[in-house]
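The values are calculated or read from the model by the stated rules, or taken from the named source; none is laboratory data. Not measured: the values here are computed from a predicted model. Don't worry about glycine lacking a Cβ; one is built from the backbone with ideal geometry, like all the others, and counts go over all protein chains shown.
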Amino acid sequence: MSVDGATVHEVLAKLVAEYPGLAGQVVQADGSLHKFVNIYVDDDDVRYLDGVDTPVPDGAEVSILPAVAGG
């Protein structure tokens with residue numbers, strides 16, 4: 001799927017507008033990332049960049065993955 005957006009926030013907002021079921025699953029009500037979801041721009045985890053303000057260059061791949069934990 002292709003979604004335009006200059007930042008991760010813009011990409012997520014467009015995804016939530018198209019798929020309302022994502023609301024609260026990926027981004028919390030305050031706009032921060034849900035703690036059990038990992039988002040990458042290309043291969044870089046946005047938590048170690050600028051979070052939802054991380055720029056998304058043209059042609060970049062944004063991956064949304066559930067966090068996996070266990071023991």
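Of the residues making up region 41-71, those that are under 11 Å from residue 8 (Cβ atoms) and outside any strand (DSSP E or B) are 46, 47, 49, 50, 51, 52, 53, 54, 56, 60.
Among residues of region 38-54 being buried (at least 16 other Cβ atoms within 10 Å of the Cβ) and among the hydrophobic types (A, V, I, L, M, F, W, C), the one that is nearest to residue 69 (Cα to Cα) is 39.
For region 5-18, the count of residues that are in a loop (DSSP other than H, G, I, E, B) and free of Cβ contacts under 8 Å to residues at least 40 places away in the same chain is zero. Restricted to region 20-37, and to residues there that are within 14 Å of residue 7 (Cβ to Cβ) and of a type in the set (A, V, I, L, M), the residue that is surrounded by the fewest Cβ atoms within 10 Å (Cβ to Cβ) is 33.
So in region 32-71, with the set limited to residues that are of a type in the set (S, T, N, Q) and in contact with a strand residue (DSSP E or B) (Cβ under 6 Å, 6 or more places away or on another chain), which one is modelled with the lowest pLDDT? Checking each candidate, the answer is 38.
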